[in-house]
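Everything on this sheet refers to the single structure shown next.
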Amino acid sequence: MIERMAARLCALRDADQFRELLVPAGIPLCSNDYLGLATHPRLKEAIARALEQDAQVASTGSRLLSGNHARWEQLESQFADFIGVEAALYFPSGYAANIGLLGSILKVDDTVFSDAANHASLIDGIRLSRANRVVFPHLDMNYLEDALRAQTGSGEKVVVVESIFSMDGDRAPIAQLVGLCERFDASLIIDEAHATGVVGTGGRGLVYAAGRSEHVLATVHTCGKALASMGAFVAGSRTLREFLINHARPFIFTTALPPYSAAHVSEAVVLASQADREREHLANVSEHLRARMRAAGFSVTTSESQIVPLILGSNQTALRFAAALAGAGFAVRAIRPPTVPPGSARLRFSLNATLSTSNIDALMDALTHAGGVSGN
Ligand SMILES: Cc1ncc(COP(=O)(O)O)c(C=O)c1O
């Protein structure tokens, strides 16, 4: 087995797809701390306060056993109220939330319509469910419409998308998706990982901003990104919450996070709701980067958010650019297949509210230099 593992690692190296752990250094361009809250003193204080108040530093069990501290119940109500839905359930990570949600609500005779650019956690949840899967080309609403129309089987139909896509930074057309789902009697699940805290009034996400919360079966809101904490909420109806408590294995069969982490997430939700200035600044620096990239002749694809990819094609070129930018003091990673489709290796700039336009200008200087050196 070890020999086979070594051979597979060799193959990854040969294809420039070998991944290794790097400690980030320099100006952060690969962080998901979109609002810059990860260093906020109020988050540290919230944790310290909770640690002082709580007798236990560990949850001591799963939520269904001894791990259901009152802080979790309060946090879930707080978040449901915040985004204006009936209920929310907290999972220890966004990955667990997606596999827990999709792996439990779908049955084998259902059909899932999944956007080709969906995150691995959504894909894995669908695979776990063993439901039929139709992968539609990224944001191709005509294809989706035809596929929904053609699906006449007896099972349920479920459409799964991200609201802001993690690798392209573009947005799903929420109103159009809701319209299609209503026409073809399908349910809609939307992963708001990169929109939570970032988009819409108070950072409530794209579904809330589109006024369509009631028309969506479930939204998923990770807390490890703009909310500068960890875990994720699945939000929707009370029935959905009860169903997940009874069926979602990644919820049932895992130890709850320590209660002080609920205090951390709770304070992060409050801070994010008040971060209008950070959201506006983030939108401005993102637009500044896109404008500068366009002016320099780089393609910015369809990005409409704080995620701005620079598609370079080959893995080698992406690695070369990332190394050149690291040398110039920027922390950015080359994103390669299988995270993105073959031939679309890229740098993925994920911007945050601590960056200034002069940081972006310096990045552009480094990028232009890297492009000149590598002939791109
Ligand atoms: C779209 C999307 N969904 C889910 C996740 C998983 O969230 P977490 O990191 O909390 O497991 C991520 C990123 O990690 C993501 O980009």
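Readers should treat all values here as calculations from the given coordinates under stated rules, not as data from a laboratory. Values in this document were obtained by computation on a predicted structure and should not be read as measured data. Every residue, glycine among them, receives a Cβ derived from its backbone with ideal geometry; neighbour counts consider all protein chains shown.
Rounded to whole numbers, the Karplus 3J(HN,Hα) couplings from phi for segment 329-336 are x, 10, 8, 9, 10, 7, 9, 10 Hz, using 6.51 cos²θ - 1.76 cosθ + 1.60 with θ = phi - 60°, and x at Gly and Pro. The DSSP beta bridges internal to the chain are antiparallel in roughly 50% of cases.
Can you tell me, using C-alpha contacts under 8 Å and at least 6 residues apart, the relative contact order of segment 230-376 as a whole percent? Don't jump to the answer; show the numbers that get you there.
Values: 144 pairs, mean separation 31.4, N = 147.
21 percent.
For segment 342-356, 3J(HN,Hα) computed residue by residue from phi via the Karplus equation (6.51, -1.76, 1.60; θ = phi - 60°) reads x, x, 10, 4, 8, 8, 10, 7, 10, 8, 9, 6, 8, 7, 10 Hz, glycine and proline entered as x.
Database remark: amide H of A195 closer than 5 angstrom to the amide H of I164 (H placed geometrically; neighbours at sequence offset of 5 or more, or on other chains; Pro and chain starts carry no H).
In plain terms, the chain from R4 to R127 could stretch by 41.8 nm, reckoned as 0.36 nm per residue minus the Cα-Cα distance.
Start at zero, step by 10 Å, and the Cα-Cα distances of segment 137-195 spread as 22, 53, 22, 2 percent across the bins. Label-to-label distance, A120 versus E242, with points set 7 angstrom from Cα along the beta-carbon direction: 3.6 nm.
Given R₀ = 45 Å, what would the calculated FRET efficiency be for E182 paired with E287, taking r from the Cβ atoms and rounding to 0.05? Could you put the intermediate results ahead of the total?
Values: r = 33 Å, r/R0 = 0.74.
Taking R0 as 45 Å, the efficiency between E182 and E287 is 0.85.
Taking 0.36 nm per intervening residue step and subtracting the Cα-Cα distance, what contour gain separates R49 from T201 on full extension? Write down the numbers at each step before the final one.
Numbers: separation 152, 0.36 × 152 = 54.72 nm, distance 2.87 nm.
Full-extension gain reported as 51.8 nm.
Taking a cut-off of 21 Å, what percent of all Cα-Cα pairs in segment 291-358 are separated by more than that? Beyond 21 Å sits 21 percent of the P(r) for segment 291-358.
For segment 162-284, report the translational diffusion coefficient in µm²/s to the nearest whole number, using Stokes-Einstein at 4 °C, 1.567 mPa s, and a Kirkwood Rh over Cα pairs.
Values: Rh = 15.5 Å.
Answer from the Stokes-Einstein relation: 84 µm²/s.
Structural descriptor for segment 41-273: relative contact order 30 percent, calculated from alpha carbon pairs under 8 angstrom and at least 6 residues apart. Taking amide H atoms as placed 1.01 Å from N in the peptide plane, the amide H of C30 lies under 5 Å from those of S350, each 5 or more residues away in sequence or on another chain.
The A175 and R249 beta-carbon pair, evaluated with R₀ = 22 Å, returns a calculated FRET efficiency of approximately 0.05. Here is the tail figure for the chain: Cα pairs spaced more than 31 Å apart come to 39 percent of all pairs.
Both radii were evaluated on the Cα set of segment 15-141; the Rg over Rh quotient, with Rh as the Kirkwood radius, amounts to 1.04. Our helix-only sum for the chain, with -39,500 (n - 2.57) per DSSP H run of n ≥ 4 divided by its residues, gives a mean residue ellipticity at 222 nm of -13500 deg cm²/dmol.
At a Förster radius of 45 Å, what calculated FRET efficiency corresponds to the Cβ-Cβ distance of T60 and R294, to the nearest 0.05?
Numbers: r = 54 Å, r/R0 = 1.20.
Step by step, r from the Cβ atoms, then E = 0.25.
Derived scalar couplings between HN and Hα for segment 202-213 equal x, x, 7, x, 6, 5, 4, 4, 7, x, 10, 3 Hz in order, rounded to whole Hz, by the Karplus curve 6.51 cos²θ - 1.76 cosθ + 1.60 (θ = phi - 60°), x for Gly and Pro. Remark on A353: its backbone amide H falls under 5 Å from those of L35, G36, a criterion applied only to residues 5 or more positions apart or on other chains, H modelled at 1.01 Å from N.
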